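Everything on this sheet refers to the single structure shown next.
The values are calculated or read from the model by the stated rules, or taken from the named source; none is laboratory data. Just so we're clear, the structure is a prediction, and the values are computed from it rather than from any experiment. Reconstructed Cβ throughout: ideal geometry from the backbone, glycine too, with neighbour counts over all protein chains shown. Areas reflect the complete protein model, heavy atoms only, side chains present, ligands, DNA and RNA absent. Shrake-Rupley method; radii C 1.70, N 1.55, O 1.52, S 1.80 Å.
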Amino acid sequence: MSQLKACSPSPASVPSLHSTKRHLLHHFSKANPSSFKEFGLRTSVGTGKLQVIKAMSRSDTEVVTSQTTKGSALRGKLNKVVLAYSGGLDTSVIVPWLRENYGCEVVCFTADVGQGIKELEGLEQKAKASGACQLVVKDLREEFVRDYIFPCLRAGAVYERKYLLGTSMARPVIAKAMVDVAKEVGADAVSHGCTGKGNDQVRFELTFFALNPKLNVVAPWREWDITGREDAIEYAKKHNVPVPVTKKSIYSRDRNLWHLSHEGDILEDPANEPKKDMYMMSVDPEDAPNQAEYLEIGIESGLPVSVNGKKLSPATLLAELNEIGGRHGIGRIDMVENRLVGMKSRGVYETPGGTILFAAAHELESLTLDRETIQVKDSLALKYAELVYAGRWFDPLRESMDAFMQKITETTTGSVTLKLYKGSATVTGRKSPFSLYRQDISSFESGKIYDQADAAGFIRLYGLPMRVRAMLEHGL
């Protein structure tokens with residue numbers, strides 16, 4: 001985690017965490033509860049017992065200190081655990097479970113990877129109600145898109161022909177931040193709410209292993225007696241933990257700036273068609289506008305930089321494309337995939353902006369890369385996607401492959417124009433200053449560079465192995 005900082009007009013002067021606490025506590029002692037809004041807090045510190053640290057990428061930090069009561073350590077003893085916290089069902093019930101079973105303080109960590117304001121609202125209250133001693137919220141949107149999404153886009157990484165790796169890319173950036181937070185707060189363990197049947201447990205823990213092998217890892221779903229989401233709901237109700245789901249409608253969703261995934265409920269039967277009201281990022285293509293929309297994606301060295309000529313930051317660019325693509329019903333995928341742990345699962349994904357970017361990047365490469373390079377790149381992209389899907393982001397193999405992708409796309413610069421219409425993103429034009437396409441060579445009209453008569457000798461040599469085999473078969 002980047003160093004926690006207090007709000008300051010100048011980045012050159014950064015107080016320590018302890019001086020920040022003293023400053024804010026002094027301010028809070030004189031302020032009324034309404035004045036806390038200027039620090040981004042939505043709860044009254046005077047009556048609360050929760051410690052909240054909100055560390056954003058813009059260096060905004062709010063600190064409120066208090067005391068917490070440790071549990072009885074039924075399963076062992078840990079000092080402090082950093083929990084990947086969403087405020088949802090699983091992580092909400094994990095907080096009291098950790099305190100009861102490991103006698104530890106629980107630091108809830110929430111990463112803003114573009115899941116939306118609604119999912120971030122009220123986290124302080126939820127964490128407090130669950131028994132957490134501290135909440136850390138960090139804005140990872142730009143880092144997520146710049147350092148994780150864009151490298152996968154540049155590599156052309158797609159898992160099993162369809163999946164654009166939305167959840168797979170988000171887990172390592174979150175886990176990396178958790179390791180940083182653990183160091184900052186002096187935690188000796190980390191925890192997550194991933195089930196023992198999914199891929200995410202692997203993605204989180206491989207990142208923990210790679211970045212700090214000394215940390216203990218607690219995975220409640222592999223330890224406790226809760227066997228499913230309905231049991232977890234009952235547990236939450238019993239412990240008065242607020243959760244956002246009911247037994248009547250249970251979808252397991254994961255949302256970030258790249259995509260929104262849907263699993264569970266009626267989707268567990270691959271024969272069932274998803275309900276129309278399940279989708280949240282995109283309209284039904286049938287209900288999309290009757291008028292097509294054109295847009296131009298600018299790309300430099302394999303990475304998107306602009307939309308319709310307007311330069312944007314990575315996260316802002318993706319957010320804008322999500323909005324544009326979503327209203328045209330772009331990027332819906334329904335697939336059965338092979339999980340890393342061996343079973344098959346059915347998921348429905350919405351990736352409007354990502355679908356547009358993949359179409360643009362692939363198309364520009366058709367101008368800037370030669371045949372052999374494209375073939376090698378595409379073959380490596382399959383392995384690259386497999387590594388990311390399996391949680392091996394910090395594996396030297398993926399890092400080495402990424403260096404290749406960066407080198408090979410140095411000249412993939414230019415722009416691509418797409419037509420969006422009722423669920424489709426069709427490329428209508430592409431151009432690049434490094435284009436290998438030559439109209440004077442490719443034209444059907446006669447040219448000086450390419451002599452069609454040369455093709456005869458080429459064909460005779462290229463087809464010689466086939467001709468020799470046929471001669472053998474015919475006794476010639």
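A few comments on the model shown:
- Residue check, GLN201 more than 28 Å from ILE149 (Cβ to Cβ) and among the polar types (S, T, N, Q): no
- Test: residue in the range 192-204 that is open to solvent by 20 Å² or more (accessible area, probe 1.4 Å), more than 22 Å from VAL136 (Cα to Cα), assigned to a helix (DSSP H, G or I) and not charged (D, E, K, R): yes
- Checking ILE330, ILE266, ILE299 one by one, the residue that is buried (at least 18 other Cβ atoms within 10 Å of the Cβ), over 23 Å from ASP147 (Cβ atoms) and among the aliphatic types (A, V, I, L, M) is ILE330 and no other.
- Close contacts from the range 307-335, counting a first residue that is at pLDDT below 95 and assigned to a strand (DSSP E or B) and a second that is among the acidic types (Asp, Glu) and crowded, with 20+ Cβ neighbours inside 10 Å, with Cβ to Cβ under 9 Å and a gap of 6+ residues or different chains, come to none at all.
- Considering residues of the range 408-449 that are assigned to a strand (DSSP E or B) and either open to solvent by 90 Å² or more (accessible area, probe 1.4 Å) or among the β-branched types (Val, Ile, Thr) (or both) only, the residue nearest to ALA155 (Cα to Cα): VAL416
- Residue in the range 115-124 that is under 11 Å from the mean Cα position of the chain (by Cα), on the phi < 0 side of the Ramachandran plot, open to solvent by 20 Å² or more (accessible area, probe 1.4 Å) and modelled with pLDDT under 95 present: yes
- ASP454 modelled with pLDDT under 95 and open to solvent by 70 Å² or more (accessible area, probe 1.4 Å): yes
- Filtered residues of the range 363-396 (kept if closer than 21 Å to ARG339 by Cβ and open to solvent by 70 Å² or more (accessible area, probe 1.4 Å)): LEU382, LYS383, GLU386, ARG392
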